[in-house]
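Any read-out appearing in this document is the output of simple, stated calculations on the displayed coordinates, not a laboratory observation. Please read all numbers here as calculations on a predicted model, not as lab measurements. Using ideal geometry, Cβ is built from the backbone for each residue, glycine included, and neighbour counts are taken over all protein chains shown.
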Amino acid sequence: METLEILGSITRLSPIVVRVLGQNPGKFTLQGTNTYIVGRQRPYVLVDTGEGKEEYVPILESALKVPLSSEDSDIPDVSDIIISHWHRDHVGGLPSVLALLRRLWDERKTGLPFTPPRLHKFPLPANKLPEQSNLPSIINSLPSKSFTPASDSVFYDLQDGQEFTTSSTLLRVLHTPGHTRDSICLYIPEDRALYTADTVLGQGTAVFEDLRLYISSLRKMLDYQKYYSYDVLYPGHGPVVKEGAKLIDTYIQHRLEREAQILEVLQKAPPSPDVNESSGSARWSTWTIVSKIYQGYPESLWTPASHSINLHMKKLEADGIVKKLGGEGVNTKWALNLKL
Ligand SMILES: [Zn+2]
């Protein structure tokens, strides 16, 4: 297949991987969601579906319209769709992608019955899907008979360590919770590549739900190299990362440095209590920690920063290093756990 480039939205990364941009660029999505077509020949595996932008459908169509040969004219374009995690910018395109795959098959007029793709995702316990998730409504809007369901669910459950074999390539699933609980990476041995979804991005730093899980997943990704070596990362957003392990290590160091800063602050005398505060005693709160660490930055950045500091505090609490003294939200009071 010759190199494909349509307005920079379709890029062949290797003989088995083509990246298709989800057409949803933005501050948080960078160049937009990266979706990946994996495989040497039909049927391909599609990794993620973008957020559901109409403009994505014709671009994916172009990327899939590789000339049919006599060997694959009876084979559907895609046999499996892997969803990296529940976030809308990865799963929102599922209804329109399934409708496209059905149409592409019908247009071939093979006269053969259509075998719809299987959908795969790492399972989340029912009560762990956050309320703001629109995954249930996306599932409800899937065109009928456009996918092959698992025995009792829409998705086939991915498992950590699962080897995902397709007709032409092998993918290995690595469960890496932290960004979300159901986040996965995929090891692509032929490319010596690790697809990292939103756990590690091509630019900037990633956000996470649970820092303790997140750091242990980053370490798991580095340890993984002992058994399955990779050089490059294919992130969920942003460009290919050339020195993958180095970037993962930088992510870990960045978090550990922030943790060390917090512990340093907690060892200092806290600022005097606000006159409006009822507690009276001087204690560090999430907000005063933020104001100390980010004192050189504009105050407009303190609120978003407090979200990340709060997740650090939860991790330190789970590690038994700090204890919560009361209060809510940014006014939560903290102290070092002196029993250590
Ligand atoms: Zn995400």
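Between the range 288-303 and the range 84-124, the alpha-carbon centres lie 45 Å apart. Database remark: amide H of A150 closer than 5 angstrom to the amide H of F155, Y156 (H placed geometrically; neighbours at sequence offset of 5 or more, or on other chains; Pro and chain starts carry no H). In this simple spin-label model, placing a label point 7 Å from the Cα along the Cα-to-Cβ direction at both S73 and F28 gives a separation of 4.7 nm.
Sorted from fewest to most neighbouring beta carbons within 10 Å, what does the list D74, D249, D89, D223 look like? Could the numbers behind the result be given before it?
Numbers: D74 12, D249 15, D89 23, D223 9.
Ascending Cβ contact count within 10 Å gives the list D223, D74, D249, D89.
For the chain, the longest principal axis of the Cα atoms and the long axis of helix 211-223 meet at an angle of about 50 degrees. Listed peptides 17-25, 306-314, 112-120 appear in the order 17-25, 306-314, 112-120 once ranked by packing, highest mean of other Cβ atoms within 10 Å at the front. With a cut-off of 13 Å on the backbone N, the residues of the range 163-200 near the modelled label site 7 Å out from Y227 along Cα-Cβ are 163, 172-175, 187. Per the Cα gyration tensor, the range 16-63 maps to an equivalent ellipsoid with semi-axes of 20, 11, 7 Å, ordered largest to smallest.
For the residues L64, L325, L30, a GNM of the chain with alpha-carbon springs under 10 Å puts the largest fluctuation on L325.
For the residues V240, V322, V290, what sequence is obtained by ranking on other C-beta atoms within 10 Å, fewest first? Let's see the in-between values first.
On the way: V240 18, V322 22, V290 25.
Placing the least packed residue first, the sequence is V240, V322, V290.
Please report the relative contact order for the range 10-254, taking Cα pairs under 8 Å with a sequence separation of at least 6, and give it as a percent rounded to a whole number.
On the way: 515 pairs, mean separation 38.1, N = 245.
RCO, the range 10-254: 16 percent.
For the chain, what class follows from the C-alpha gyration tensor (a ≥ b ≥ c being the square roots of its eigenvalues): rounded when a/c is under 1.5, otherwise prolate if a/b is larger than b/c, else oblate?
Values: a/c = 2.47, a/b = 2.19, b/c = 1.13.
Prolate.
Between the helical axis of 302-318 and the longest alpha-carbon principal axis of the chain there is an angle of about 80 degrees.
Roughly speaking, what is the stretch gain from E163 to K268, that is 0.36 nm per residue apart minus the C-alpha to C-alpha distance, in nm to one decimal? Walk me through the numbers before you get to the answer.
Working: separation 105, 0.36 × 105 = 37.80 nm, distance 5.04 nm.
Net length gain for the segment: 32.8 nm.
With a cut-off of 12 Å between beta carbons, the residues surrounding A269 carry a summed charge of +3, where Lys and Arg count +1 and Asp and Glu -1. When the inverse distances between all different Cα atoms of the range 194-237 are averaged and flipped, the Kirkwood radius reads 11.1 angstrom. Over the chain, dividing the summed -39,500 (n - 2.57) contributions of all DSSP H runs of at least 4 residues by the number of residues returns a 222 nm mean residue ellipticity of -8500 deg cm²/dmol.
The simple spin-label model puts a point 7 Å past each Cα toward its Cβ; for D249 and Y294 those points are separated by 3.0 nm. Short-range pairs are left out: with C-alpha atoms under 8 Å and at least six residues apart, the relative contact order of the range 167-265 is 25 percent.
Karplus-derived 3J(HN,Hα) values for the range 102-116, using 6.51 cos²θ - 1.76 cosθ + 1.60 with θ = phi - 60°, are 5, 4, 4, 5, 4, 5, 6, 6, 7, x, 8, x, 7, 9, x Hz; glycine and proline are entered as x.
The distance from the alpha carbon centre of the range 137-175 to that of the range 235-267 is 31 Å, rounded to a whole number.
Within the set K53/K324; K53/K333; K27/K268; K242/K268; K121/K226; K53/K128, which residue pairs have Cα atoms separated by over 32 Å?
Details: K53/K324 44 Å; K53/K333 43 Å; K27/K268 36 Å; K242/K268 41 Å; K121/K226 26 Å; K53/K128 27 Å.
Pairs exceeding 32 Å: K53/K324; K53/K333; K27/K268; K242/K268.
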